[in-house]
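Heads up, the thing below is written out as structure tokens.
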Amino acid sequence: MPTTIKAERAKDFKDLFEARKQAGSFPFSPVLLAHLYVKLDFQPKYENATTADDARAFLRSVARASHAAQMLADRRGGTLMEVQGSLLHIGIPVGNDDFEPLLSFAGELHQIYNGVFDDRASRVQSWCMTMDVGKTLVVSQRGVHGDDSWVSLGTAANRPAKYLYSQLERNKEDRALKDFHIGCWHPTRREWVIEDLAKIRVRLDDSVGMVREARQFSPQVLYKEARSGLKETVARAVPVDFGDPVADKPEIYFGWLMRADLDGFTKRVEQCMNDDAKLQALATEFYQVMQCAADFTARHKESMVQLPWAGDNFTAAAVFATRDSYDDAAPKRLVELALDFEKEMGDRAGGCGFGGWAYGVAGGTVHGNAGGNVYLGAVILAGRRFLVGAGEGVGRSAQAFGDINPKASELVLYKVDWDRLHDSYKRAFETAVTVRAQPSTLFKKASALGLNRVRASAAAAPAQTRVSVAPGQYQTFSSKPHHP
């Protein structure tokens, strides 16, 4: 683990990205930001794509929505901070914590999306938004594949995301946040205020032109134009053919998604927000955590692709070239990859004073003769590449956090994947309970401690060897494991 990382304060929000381009620079910026989250509601066949065609359609729509959001954010001095599949996160610098002037931005984006996705019967059926305003710690990090992550840490960044997921866990008719509405955290009333996006007054004179540009957005072309500005640093553990994914031509693998959420970090940020020295120390600690996670990805025995950080949430895909290799690995490695991460990164989290890691893992079913179940594309915007995943495991691993909200050292597993686990691991899981105190039909839950006990027991068990003692006759011999 490198010990030379030291975060340096950027002059302002605009300077943050420029500073990150410098070799060895680890900038941070405490800034008052409006955080707008946009959730695109796709037909399930696209959100949890099981074919390459559906994955490409999903990624193209995400790319167009992202491009429109970036165009609009540019006008306010903001940026698209995260592209997490169907969830977009936009950051806009503001002068105070009053959200009223920012509603026009949400209304303008809604107006553009109405033009971009006018045929909602095909892919994107609707959308909703959430927003909060507050001081946020922002860091910019380049990942192992040359991609930039803008990570925003603090209550104002965390609260609207959690509220959005808590609403998505409910049936549509039970949600307070309806389609084409925005939920805003009111700073004085201390409650969520819901607004109809269609009723927000906007002044967007060139919306027709922006709609046209977004609809004609070509991820392939923009990628080729921006590619010369990207410095690829591909992890050793990543398949050698991984390198140039785009929305129209994603890389396709067999595998699963592992998400790991750092518990307790938002609370630490809030405690340090008014002390620049403490903030700098905290930013340095988080950079070290990110670097350690990148090192884990690079040297782990599994082939892995790291997706951009989502706040303090690490995401990686364990990928395999063939279905046989995926099927052979899944019964144990679906769990053991997270245990490997817990072993290496648990001490890192504890050493920095955080609560530990919570996990969401999902792969899903490989249908028929499909060439894979994990689709990895990319969106290029303003010289930055956002790796974006598609497939059943991508959507379900994110849903695990919204539905279950696991605690530190808990692992939530998609039930389809639990069905294929080795029996010893299966018995360590129980039915997960949703955030509304209902038994989940989609997920199982276990503690990392209990799973590690199963793993240790298996390692200590006598090994069995089947030997031919005569034609057609076999005998099984047991031997104790060797302990040096």
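The mean sequence distance of close C-alpha pairs (under 8 Å, at least 6 residues apart), as a share of the length of region 150-204, puts its relative contact order at 22 percent.
With a cut-off of 8 Å between alpha carbons and a minimum separation of six or more residues, what is the relative contact order of region 33-140 in percent?
Values: 145 pairs, mean separation 49.4, N = 108.
In percent, rounded to a whole number, it is 46.
Distance between the pseudo-spin-label points of ASN369 and ARG9 (7 Å out from Cα toward the beta carbon): 6.2 nm. The phi-based Karplus calculation (6.51 cos²θ - 1.76 cosθ + 1.60; θ = phi - 60°) puts the 3J(HN,Hα) values of region 186-202 at 7, x, 9, 7, 6, 8, 7, 10, 9, 10, 7, 4, 5, 9, 7, 6, 10 Hz, whole numbers, x for Gly and Pro.
Of the cross-linked pairs LYS45/LYS444; LYS39/LYS415; LYS6/LYS445; LYS11/LYS407, those separated by over 32 Å at the C-alpha level are LYS6/LYS445; LYS11/LYS407.
Couplings 3J(HN,Hα) for region 40-48, derived from phi with the Karplus relation 6.51 cos²θ - 1.76 cosθ + 1.60 (θ = phi - 60°), are 7, 9, 8, 4, x, 5, 9, 4, 10 Hz, where x marks Gly and Pro.
Please label the shape of region 297-439 as rounded, prolate or oblate, based on the square roots a ≥ b ≥ c of the eigenvalues of the alpha-carbon gyration tensor (a/c under 1.5 means rounded; beyond that, a/b larger than b/c means prolate, else oblate). Mind dumping the intermediate values first?
Numbers: a/c = 1.35, a/b = 1.04, b/c = 1.30.
Note, shape of region 297-439 comes out rounded.
Modelled label positions at ASP324 and LYS199, each set 7 Å beyond Cα in the direction of Cβ, lie 6.2 nm from each other.
If you wrap a convex hull around the alpha carbons of region 47-181, what volume per residue comes out, as a whole number of Å³?
On the way: hull volume 18.3 nm³, N = 135.
Dividing the Cα hull volume of region 47-181 by its residue count gives 136 Å³.
Of the peptides 296-304, 407-415, the ranking by mean beta-carbon count within 10 Å, highest at the top, reads 407-415, 296-304.
Distance between the 7 Å Cα→Cβ label points at ALA277 and GLU430: 4.6 nm.
Under the classification rounded if a/c is under 1.5, otherwise prolate if a/b is larger than b/c and oblate if not, where does region 8-456 fall, given a ≥ b ≥ c as square roots of the Cα gyration tensor eigenvalues? In terms of gyration-tensor shape, rounded.
Values quoted throughout were computed directly from the atomic coordinates according to the rules given, and no laboratory measurement underlies them. What you are looking at is a predicted structure, and each value in this text was computed from that prediction instead of being measured. Glycine gets a Cβ as well: all are built from the backbone with ideal geometry, and neighbour counts include every protein chain shown.
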